[in-house]
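What follows is a single structure, written as structure tokens, with notes after it.
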There are 2 protein chains.
Amino acid sequence: MKVIIIGGVAGGATAAARIRRLDEKAEIVILERSGFVSYANCGLPYYIGGVITDPEELTLQTPQGFWNRFRVDVRVRHEATAIDPAGKQVTVKNLETGEVTVEGYDKLLLAPGAAPTRPPLPGLDSPRLFSLRTVEDTFRIRSFVERNRPKTAVLAGGGFISLEMAENLAEMGVEVTILQRIPQLMNPLDYDMATFLHSHLRRKGMHLRLNTAVAGFRQEGETISALVEGGEAIPADLAILAIGVTPENALAKQAGLALGSRGGIVVNQRMETSVPDIYAVGDAVEIPHLVTGENTLISLAGPANKQGRVAADNICGGDSRYLGAQGSSVVKVCELTVAATGLNEKAAQAAGLSYEKIVLSPLSHAGYYPGGKLMTMKVLYEKGSQRLLGAQIVGHEGVDKRIDVLATAMQAGLPVTALKDLDLAYAPPYASAKDPVNLVGFMAENLEQGVVKQFHWEDVAGLPRDGSVTLLDARTPGEYSGGCAEGFVNVPLDELRDHLGEIAPGKPVYVMCQSGLRSYLACRILAQDGYDCYNFSGGYRFYESVLLDRWTRQNAYPCGVERP
Amino acid sequence: MKVIIIGGVAGGATAAARIRRLDEKAEIVILERSGFVSYANCGLPYYIGGVITDPEELTLQTPQGFWNRFRVDVRVRHEATAIDPAGKQVTVKNLETGEVTVEGYDKLLLAPGAAPTRPPLPGLDSPRLFSLRTVEDTFRIRSFVERNRPKTAVLAGGGFISLEMAENLAEMGVEVTILQRIPQLMNPLDYDMATFLHSHLRRKGMHLRLNTAVAGFRQEGETISALVEGGEAIPADLAILAIGVTPENALAKQAGLALGSRGGIVVNQRMETSVPDIYAVGDAVEIPHLVTGENTLISLAGPANKQGRVAADNICGGDSRYLGAQGSSVVKVCELTVAATGLNEKAAQAAGLSYEKIVLSPLSHAGYYPGGKLMTMKVLYEKGSQRLLGAQIVGHEGVDKRIDVLATAMQAGLPVTALKDLDLAYAPPYASAKDPVNLVGFMAENLEQGVVKQFHWEDVAGLPRDGSVTLLDARTPGEYSGGCAEGFVNVPLDELRDHLGEIAPGKPVYVMCQSGLRSYLACRILAQDGYDCYNFSGGYRFYESVLLDRWTRQNAYPCGVERP
């Protein structure tokens, strides 16, 4: 059996190694357009920033190493230019010599990945504008930075690569401006959760230009300017275009493979395309989203690796299935950890799901043990079924742990209330006896059993301030004086019982505190005294984060300085 | 409704707060024998070591604070001395005044906890011998340490409290000797996993006296000696007795409550005892082990807190259920993280379960991102059903995450092979694209599908060295020369294909490498060439750890120095 694999990074390299483990006799050829195979594409920004210092660390395997260990014939700088599915042949161009050959196959695996999206904008050919995909791109940016010592950089895009680049450039002392078309960074987050990231980056001195689409670039001398809609030009020494990725589907198209509505290659659970003996994996394929069941593009290394293994099994005559992904992701941005799994509110709404949301801000570990850090968690579940739909967490230590526990519970089909029963490992340096994940279960059970009702930050502006409802702030006077939501009257929780007589009977009561715990306790006191009572989800710290973000955004535009 | 709660720490305090949230009118009394309520019992060793510096951090709530917030009448230094279930009364002794009163109840909750086990040994009354349970014990040890500046300490016991005390004493410069009756520390681990902990502590300069039961203590002047069976006396400035805990069942016994075979109070899923209107939670009760279904004692804060909430719900007329625990635990010992969930081999054997085991040593995060640390993982699953039975991990960063993910998968009922499909969050600082938990799934699938067979360290000594089997070491010559298992011949993996002709046909081949990956690849090459082939589980690093531990133990005894 002869197998040709087009693309030798995550999915392709994994498949090659697995095929060899299953079939010592197969002839395996990897065609890789770039000069490197099996490289650590998620590590590239960290080489630019000097976190990873040895360029050899970026390449997990060399062609020679791959041959020695797996007898895989890796041909770097070789581009597949056409596929003939009927003749089972691939046309290959040697990018070093220009030589074109034709290579037959029994099985073909497409793992071409996704390319940085390049819309038809002016100035994309500027030598000071870079995209980041390959090891070559990395070396190019790194050598530009070493040679030119840029003081400023403008980054178009607010996703993983842009933010990892922003962090690495900022740590080298570069002043960073991030342009983002929509009002928030990091699409896996909802806007409210993203505000914690925004304020963190602003505190680090980054300039966020949200709601600002890039319209092109213009280089004049040693300055490249990002042009934004409206005519403004943002000058910098260096520009990065990282507004997203587009599946590489040109070969698949040419070969007549079925493509999905998002431009990705259509595959079944066996990672087979619409054409016999052609498989596809990785960023170029559309896979089922485990929560919605809809086909989607998920450009992440974890799914690509798993798909590569499944394709290899099937290429070797097995029957393995890839069921889909739920978009579990995490990213480090300037000491902040941002993680998500499943659907956020935007996605749940788009999927037409009826959901409830829970917001909390637990400590990463026991409060009495030093070093605990607050994290902000938001968990969505489906009304009625109590099915977990998704989670988002922004914080420091312990964020990656909780997102993985929630991802596991979600994928295993646990209802949200089952989270309260999870027997998680506790010791003061690692967690609390009631782990944040347990707390989500407790809170969901309270909501589901009607022990408490809640309201959200979107509701605050619309609450009547005409006396027809009571607005309470259950924090201490000191906390309250530092800032409160308009119209909310301070009655500290511990004094509430003594002031019940002063709260207008028969009117709904809306209660806020700092994180949502004391206001919940207040609601329980009030509800048992006959009040129709609502607890503010996430507390004032959540409300304030959204409010400050909006304020900063509105005030920052005229002068370009967004730091409050 | 009047509720009396006996014991105001984890389960009791949680229940009190929850009862108040559900019933604003209930009269709630907590009787707490010690002088403190709702204290952080898991934090006590860290106060002694100075990691927690403010004694107020140890008490999450004061009686006054509890009253202000929850209207709970906390009576510290009050001991319940008798229960009259028929008359629904508790006899209470005020330990300050000696006054004895009788208090009626509608509902009674027992949360008395477990006391440090004190077998009838000589010398337990020495003023230089301490146990650690309460805040008072903590202050006593702390003030002893401050006053006497001990240079040496001997700790009897090798569990959580002993090891946390050992860490905290060692960090203060105290030379620590740990006596443990059985051949290993940390019973939640199997012996082989514990050897990584042993060597770590020995490198830190601690003296481990394993297989050494304490027979008593003897104080002479300012020296206390631990007496061990055989007559040896181990002198120190300070001794700690922490050989385990025993459920506090005296009151329950007196009240005629049913006790289990392990001496714990029998409860149903509603946390009801055998006597109407008496509930019990925490370290004093027997609960079902989620894996075996057998009743067991689990002295951990997580289960106690969850039980307290369930009992409160039911006391207030609800219907909540506590289904059991699986013993998920984690402990920090001198920068090492030791974690476990479910059954280890000893427990699986005792439960009569037929299991398969997987050992691996993955990195905490992507190898190319700096700071990744090796961890050693062992996962057990049931043969046939593929049910996850338990996991143990020893390492550094990322250990607590993987144990919680495995605990969640286990509790959700995922079979071991489903671990390969888990969509976990990956970025270089947090994980690898194939997370260690995914790797367990891959390895289990390989075993289950017969892609590879394995052998274990227990099998190595019994392998014939008469030429009837072939023993291969697939590491590099450099690794091999640093130490190898007896009789294993070095054929580096990358040269194996060129030497296949030299391997005796028809004879079984046993292959070892450093971690188990290269030997797996070698097995695949050999198996496809017709050999009956076995991969060594865990690699030479696992084998070496066990071997060194045994060697150290045997050689250390004569001179008392255990560091190799």
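The values are calculated or read from the model by the stated rules, or taken from the named source; none is laboratory data. As the structure is a prediction and not an experimental result, all values here were calculated from the model. Cβ placement follows ideal geometry from the backbone for every residue including glycine, while neighbour counts extend to all protein chains displayed. What goes into the accessible areas is simple: the full protein's heavy atoms, side chains included, and nothing from ligands, DNA or RNA. Shrake-Rupley method; radii C 1.70, N 1.55, O 1.52, S 1.80 Å.
Quick one: would you say A:GLU486 is under 29 Å from B:ARG20 (Cα atoms) and open to solvent by 60 Å² or more (accessible area, probe 1.4 Å)? Quick ask: steps written out before the conclusion?
Values: under 29 Å from B:ARG20 (Cα atoms): no; open to solvent by 60 Å² or more (accessible area, probe 1.4 Å): yes.
Against the criterion (under 29 Å from B:ARG20 (Cα atoms) and open to solvent by 60 Å² or more (accessible area, probe 1.4 Å)), A:GLU486 does not qualify.
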Residue count, segment B:128-166, condition open to solvent by less than 30 Å² (accessible area, probe 1.4 Å), in contact with a strand residue (DSSP E or B) (Cβ under 8 Å, 6 or more places away or on another chain), on the phi < 0 side of the Ramachandran plot and not basic (Lys, Arg), comes to 21
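Listed residues B:ASP549, B:ASP498, B:ASP494; which is within 18 Å of B:ALA461 (Cβ to Cβ) and either modelled with pLDDT of 95 or more or open to solvent by less than 60 Å² (accessible area, probe 1.4 Å) (or both)? Step through it out loud before you land on a result.
Values: B:ASP498 fails: within 18 Å of B:ALA461 (Cβ to Cβ); B:ASP494 fails: within 18 Å of B:ALA461 (Cβ to Cβ).
Result: B:ASP549 is the single residue among B:ASP549, B:ASP498, B:ASP494 that is within 18 Å of B:ALA461 (Cβ to Cβ) and either modelled with pLDDT of 95 or more or open to solvent by less than 60 Å² (accessible area, probe 1.4 Å) (or both).
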Enumeration of residues in segment A:53-109 that are hydrophobic (A, V, I, L, M, F, W, C), over 32 Å from the mean Cα position of the chain (by Cα) and open to solvent by 40 Å² or more (accessible area, probe 1.4 Å) = A:TRP67, A:ALA86, A:LEU95, A:VAL100, A:VAL102
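With B:ALA325, B:ALA348, B:ALA366, B:ALA311 as the choices, which residue is open to solvent by less than 10 Å² (accessible area, probe 1.4 Å), at the interface with another protein chain (Cβ under 8 Å from one of its Cβ atoms) and at pLDDT 95 or above? Steps first, answer last, please.
Details: B:ALA348 fails: at the interface with another protein chain (Cβ under 8 Å from one of its Cβ atoms); B:ALA366 fails: at pLDDT 95 or above; B:ALA311 fails: at the interface with another protein chain (Cβ under 8 Å from one of its Cβ atoms).
Among B:ALA325, B:ALA348, B:ALA366, B:ALA311, only B:ALA325 is open to solvent by less than 10 Å² (accessible area, probe 1.4 Å), at the interface with another protein chain (Cβ under 8 Å from one of its Cβ atoms) and at pLDDT 95 or above.
Would you call B:ASP529 in contact with a Ser or Thr (Cβ under 9 Å, 6 or more places away or on another chain) and facing chain A (nearest Cβ under 9 Å)?
no
Residues to consider are B:GLU272, B:GLU294; find the one that is away from chain A (no Cβ under 14 Å), within 24 Å of the chain's Cα centre (by Cα) and of a type in the set (Asp, Glu). Explain how you work it out, then say what you get.
Working: B:GLU272 fails: within 24 Å of the chain's Cα centre (by Cα).
Result of the check over B:GLU272, B:GLU294: B:GLU294.
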With (1) modelled with pLDDT of 95 or more; (2) more than 8 Å from every other protein chain (Cβ to nearest Cβ); (3) open to solvent by less than 30 Å² (accessible area, probe 1.4 Å) as the list, and A:CYS334 as the residue in question, which single condition is left unmet?
-> (1)
In segment B:518-555, anything closer than 16 Å to B:PHE455 by Cβ and of a type in the set (A, V, I, L, M, F, W, C) is listed as B:ALA522, B:CYS523, B:LEU526, B:ALA527, B:CYS533, B:PHE536, B:PHE542, B:VAL546, B:LEU547
Complete set of residues in segment B:132-185 that are aliphatic (A, V, I, L, M), touching a Leu at 6+ places or on another chain (Cβ under 6 Å) and closer than 14 Å to B:ARG209 by Cα | B:ALA153, B:ALA156, B:ALA166, B:VAL176, B:ILE178, B:LEU185
Could you please find all residues in segment B:438-458 being under 28 Å from the mean Cα position of the chain (by Cα) and either under 17 Å from A:THR341 (Cα atoms) or outside any helix (DSSP H, G or I) (or both)?
-> B:ASN438, B:GLN454, B:PHE455, B:HIS456
May I ask you to verify whether A:ARG202 is among the charged types (D, E, K, R), open to solvent by 50 Å² or more (accessible area, probe 1.4 Å) and either modelled with pLDDT of 95 or more or over 26 Å from A:LYS2 (Cβ atoms) (or both)?
-> no
Hey, could you check segment B:427-441 for residues that are open to solvent by 10 Å² or more (accessible area, probe 1.4 Å) and within 7 Å of chain A (Cβ to nearest Cβ) and say which is nearest to B:PRO415 (Cα to Cα)?
-> B:LYS434
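Of the residues A:GLU248, A:GLU286, A:GLU220, A:GLU232, only one is farther than 24 Å from A:THR552 by Cα and over 27 Å from the mean Cα position of the chain (by Cα); which?
On the way: A:GLU248 fails: over 27 Å from the mean Cα position of the chain (by Cα); A:GLU286 fails: over 27 Å from the mean Cα position of the chain (by Cα); A:GLU232 fails: farther than 24 Å from A:THR552 by Cα.
One residue alone meets the criteria, A:GLU220.
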Scanning segment B:391-423 for residues that are closer than 23 Å to B:VAL291 by Cβ, outside any helix (DSSP H, G or I) and open to solvent by 10 Å² or more (accessible area, probe 1.4 Å), which turns out farthest from the other protein chains (Cβ to nearest Cβ)?
-> B:PRO415
Being within 22 Å of A:CYS513 (Cβ to Cβ) and open to solvent by 10 Å² or more (accessible area, probe 1.4 Å) is the filter; apply it to segment A:369-390 and report the residue that is farthest from the other protein chains (Cβ to nearest Cβ).
-> A:LEU374
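Looking only at segment A:48-76, how many residues end up being under 19 Å from A:LEU300 (Cα atoms) and either within 8 Å of another protein chain (Cβ to nearest Cβ) or assigned to a helix (DSSP H, G or I) (or both)? Lay out the reasoning, then the answer.
Restricting attention to segment A:48-76, the residues satisfying the condition of being under 19 Å from A:LEU300 (Cα atoms) are A:58-60.
Still in the list and also either within 8 Å of another protein chain (Cβ to nearest Cβ) or assigned to a helix (DSSP H, G or I) (or both): A:58, A:60.
Matching residues across segment A:48-76 total 2.
Which ones in segment B:1-45 are among the hydrophobic types (A, V, I, L, M, F, W, C), more than 23 Å from the chain's Cα centre (by Cα) and facing chain A (nearest Cβ under 9 Å)? Quick ask: steps written out before the conclusion?
In the first step, residues of segment B:1-45 are kept if they are among the hydrophobic types (A, V, I, L, M, F, W, C); the result is B:1, B:3-6, B:9-10, B:13, B:15-17, B:19, B:22, B:26, B:28-31, B:36-37, B:40, B:42, B:44.
Those left that are additionally more than 23 Å from the chain's Cα centre (by Cα): B:1, B:3-6, B:13, B:15-17, B:19, B:22, B:26, B:28-31, B:36-37.
Hits for segment B:1-45 are B:ALA17, B:LEU22.
Within segment A:218-275, count every residue that is β-branched (Val, Ile, Thr), farther than 13 Å from A:LEU110 by Cβ and assigned to a loop (DSSP other than H, G, I, E, B). Walk me through how you get there before you give the answer.
We begin by selecting, within segment A:218-275, every residue β-branched (Val, Ile, Thr); these are A:223-224, A:228, A:234, A:240, A:243, A:245-246, A:265-267, A:273, A:275.
Applying the additional criterion that residues be farther than 13 Å from A:LEU110 by Cβ yields A:223-224, A:228, A:234, A:240, A:243, A:245-246.
Now narrow it down to the ones that are assigned to a loop (DSSP other than H, G, I, E, B): A:243.
Count: 1.
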Hey, among the residues in segment B:227-282 that are touching a helix residue (DSSP H, G or I) at 6+ places or on another chain (Cβ under 8 Å) and of a type in the set (D, E, K, R), which one's nearest to B:MET186 (Cα to Cα)?
-> B:GLU248
Scanning segment A:459-478 for residues that are within 33 Å of the chain's Cα centre (by Cα), open to solvent by 50 Å² or more (accessible area, probe 1.4 Å) and modelled with pLDDT of 95 or more gives A:ASP459, A:GLY462
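Here's the yes/no breakdown for (1) of a type in the set (D, E, K, R); (2) under 26 Å from A:ASN438 (Cβ atoms); (3) open to solvent by 10 Å² or more (accessible area, probe 1.4 Å):
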residue: B:THR14; (1), (2), (3): no, yes, yes
residue: B:GLU24; (1), (2), (3): yes, yes, yes
residue: B:VAL29; (1), (2), (3): no, no, no
residue: B:GLU32; (1), (2), (3): yes, yes, yes
residue: B:TYR39; (1), (2), (3): no, yes, yes
residue: B:ILE48; (1), (2), (3): no, no, no
residue: B:VAL51; (1), (2), (3): no, yes, yes
Spot the failing condition for A:ASP283; the list is (1) modelled with pLDDT under 95; (2) of a type in the set (D, E, K, R); (3) crowded, with 19+ Cβ neighbours inside 10 Å, and only one is missed.
-> (1)
